[in-house]
Amino acid sequence: MEDYQIVDLYWDRSERAISETDTKYGRMLTGISLGLVKIKEDAEECLSDTYLAAWNSMPDERPIYLGAFLSKIIRRISIDKYRAAHSEKRGGKDALVAELTECIPSATDVQKEYDNKLLAEALNRFLYSLDEEKRNIFVRRYFYSDAIDDIANRMNVSVGKVKTVLFRTRNALREFLLEEGVEL
């Protein structure tokens, strides 16, 4: 079923929208969540919460790319779940966020929605300036939260190459954001 047809089902408030969404995007969404929360049961809970969020927000937004819309929702829900389970008071630390702390300002530094939008636009410009391999490695690591070994296997490159590309890309991102006037 095409995305626009599934969105139409949401707009019609048909329960079939959830089953069609799960058929088309369930595995992808579960993979995104599992990469973040690491526990199958938590990933399944995030998936259910994603379907509920899509059901509740679909009348307000009619996304053209349903997969991207759902990916954004499940990623946010999964990150919130992960942070709740690994909060600082329990001694946990988000390693992926730690890797990017020198490149991207923390949430407390970027207070306004306008600043978030400018940052997102700058990140998109940076990502599109990269060659496809570097962009894929970077996105697999920092959007999908894939392990470095998994990225190396998927991209058919060495683990060392993935680590080097990530290190150099983070440095390039830091320089790019400084040139863009983003305060780090």
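Model label points for Glu44 and Thr23, set 7 angstrom from Cα along the Cα-to-Cβ axis, are 2.2 nm apart. Sparse packing (at most 11 other Cβ atoms within 10 Å of the Cβ) combined with a DSSP loop state is found for the following chymotrypsin sites (Phe, Trp or Tyr not before Pro) in the range 27-83: Tyr65. The loop-placed trypsin sites (Lys or Arg not before Pro) in the range 1-75, going by DSSP, that have at most 16 neighbouring Cβ atoms within 10 Å of their Cβ come out as Arg13, Lys38. Pairs exceeding a 29 Å alpha-carbon distance, out of Lys24/Lys161; Lys40/Lys72; Lys24/Lys81; Lys24/Lys163; Lys117/Lys161: Lys24/Lys161; Lys24/Lys163; Lys117/Lys161.
If the chain linking Arg16 and Ala120 were pulled fully straight, counting 0.36 nm for each residue of separation and taking away their Cα-Cα distance, it would gain 34.1 nm.
Working from label points 7 Å from Cα in the Cα-to-Cβ sense, the Glu133 to Arg76 distance is 3.6 nm. Which of rounded, prolate, oblate describes the range 3-46, given a ≥ b ≥ c as roots of the alpha-carbon gyration tensor eigenvalues and a/c under 1.5 marking rounded, otherwise prolate only if a/b is larger than b/c? Prolate. The string of couplings for the range 45-51 from the Karplus curve (6.51, -1.76, 1.60, θ = phi - 60°) is 5, 5, 5, 4, 5, 5, 4 Hz, one whole number per residue in order, with x for Gly and Pro.
Sparse packing (at most 14 other Cβ atoms within 10 Å of the Cβ) combined with a DSSP loop state is found for the following GluC sites (Glu not before Pro) in the range 21-86: Glu61.
The numbers here are math on the coordinates, done by the rules we state, and not lab data. Just so it is clear, the model here is predicted, and its values are computed rather than measured. Positions of Cβ are backbone-derived with ideal geometry, glycine not excepted, and every protein chain shown enters the neighbour counts.
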